[in-house]
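Inspection log for the structure reproduced underneath, given as structure tokens.
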Amino acid sequence: MRNTAKTNTLERIFPILSVENNCIVSKQGDITVCYKVILPEIFTISDKEYEMIHSVWHKAIKTLPEFTVIHKQDWFVKESYQADFKDTEQSYLSRSFERHFNERPYLNHSCYLFITKTTKERIKSQSNFSSLTRGELIPKEIRDKDTVQSFLEATTQLEKIVNDSGLISLIKLSEQDIIGSEERSGLLEQYLTLSPSKRGSLQDIAISSDHVRVGDNRISMHTLSSTDDLPTEVSYLSRYEKLSTDKSSMTLSFSSPVGLLLNCNHIYNQYLFIENSDYNFLIIRLCTCYIRNY
């Protein structure tokens, strides 16, 4: 049987131009700084600490320039616990702990933060599937050195603010962490193969109107992009009823139902677009005046 589906090569449609100075450069000239995020264990954060984390992120994000895209990506992958029996100096309780949890399944959580400097035109563009299926023959000119340097200084300041909080840690990824080496896979390879913890082989990626398939993995994608799909009130934490009582309350983050509480292999992406607020306010005022005069 002849395959009539449209085919393409990853090299031609891949949106990344290069990885230089620990930054990802896209074919459109966007520059991305990548971090691995170390988060606290689940059920170990108090209400006050959740409030502190929220304030830290708010303060850190305000340091970034306009037309910046913040992408937080959380991986949740089912794995089996591998006990450490090589440590001969372990106490009796430690070895009992290792034996008790050895080979037990759990949901492994990895978190990454990508900060991208783009332009006014790019931040307002809509992919409409094109970013996955099209490439640019000639990349846009990368912006001047002063703009790039100012952006990198802002990301360094964000990193310092988050790390100084003592609750969250950011580890900047190197070129080897991003593109990999002969010994281990990089972040890009892990994403394309959906294999975050082991070296995977590149497989066919099939993209259709209703699903995406990577090798034998069939991917179901869901998006929350409209305010109509969100609740009327949003908080940075929520009460976890299963571990709460009349006298005590156990709280989790507001997004926990799509995080560790969703017991299946999944990737949770969050995007925040920083635009020019003065320009947006002007557009709203002009639209309001137009409606009144209509």
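Read the figures in this text as sums done on the coordinates, not as results from a lab. For clarity, every value in this text was computed on a predicted model and none was experimentally measured. With ideal geometry, Cβ positions are generated from the backbone for all residues, glycine too; neighbour counts draw on all protein chains shown.
With +1 on each Lys and Arg Cβ and -1 on each Asp and Glu Cβ, how big is the dipole of segment 1-68 about its Cα centre, in debye rounded to the nearest 20?
460
Counting other beta carbons within 10 Å of each residue's own, what order do Met221, Met250 fall into, fewest first?
Ranking Met221, Met250 by Cβ neighbours within 10 Å, fewest first, gives Met221, Met250.
Name the GluC sites (Glu not before Pro) in segment 8-55 that are in a loop by DSSP and that have at most 15 other C-beta atoms within 10 Å, would you?
Glu41
List the residues of segment 48-87 whose backbone N lies under 18 Å from a point placed 7 Å from the Cα of Thr147 along the Cα-to-Cβ direction.
Residues 64-70 qualify, since their backbone N sits under 18 Å from the label point.
List the pairs from Lys59/Lys120; Lys120/Lys172; Lys72/Lys145; Lys62/Lys160; Lys48/Lys160 whose alpha-carbon separation is above 18 Å, in the order I gave them.
Lys59/Lys120; Lys120/Lys172; Lys72/Lys145; Lys48/Lys160
Provide the gained length on full extension for the span Ile42 to Glu20, in nm with one decimal, where the gain is 0.36 nm per separating residue minus the Cα-Cα distance.
Taking Ile42 through Glu20 to full extension adds about 4.4 nm, to one decimal.
Please compute the contact order of segment 1-127 in relative form: average sequence separation of alpha-carbon pairs under 8 Å and at least six residues apart, divided by the residue count, as a percent.
Normalised by residue count, the contact order of segment 1-127 is 32 percent.
Roughly how many whole Å is it from the C-alpha centroid of segment 85-103 to that of segment 175-249?
So the separation of the two Cα centres works out to 31 Å.
Label-point separation (nm) for Asp164 and Gln90, each offset 7 Å from Cα along Cα-to-Cβ?
So the two model labels end up 4.0 nm from each other.
Which aspartates and glutamates have a Cα less than 18 Å from the Cα of Lys86, not counting those fewer than 8 places away in the same chain?
Straight-line reach from Lys86, under 18 Å: Glu98, Glu103.
Could you give the nm distance between label points at Asn263 and Gln176, where each point is 7 Å from its Cα heading toward the beta carbon?
According to this spin-label approximation, the distance is 3.9 nm.
Which one of Val212, Leu237, Gln190 has its Cα pushed farthest toward the positive end of the charge dipole of segment 173-257, where Lys and Arg give +1 and Asp and Glu give -1 at the Cβ?
It is Leu237.
Between Tyr81 and Glu11, take the C-beta separation as r, use R0 = 30 Å, and let me know the FRET efficiency to the nearest 0.05.
For Tyr81 and Glu11, the calculated efficiency is 0.20.
Among the trypsin sites (Lys or Arg not before Pro) in segment 149-249, which ones are in a DSSP loop with at most 14 other Cβ atoms within 10 Å of the Cβ? Mind listing them?
Arg184, Lys198, Arg199, Lys247
Grab the Cα-Cα distance for Asn108 and Ser238, subtract it from 0.36 nm times how many residues apart they are, and report the gain in nm with one decimal.
Contour length minus Cα-Cα distance gives 44.6 nm.
Can you work out the FRET efficiency for the pair His71 and Lys247, with r the C-beta to C-beta distance and R0 = 51 Å, to the nearest 0.05?
Calculated transfer efficiency: 0.80.
Met250: net charge of surrounding residues, Cβ under 12 Å, Lys/Arg +1, Asp/Glu -1, itself excluded?
Net local charge, Met250 excluded: +1.
Taking 0.36 nm per intervening residue step and subtracting the Cα-Cα distance, what contour gain separates Arg184 from Ala206 on full extension?
5.4 nm
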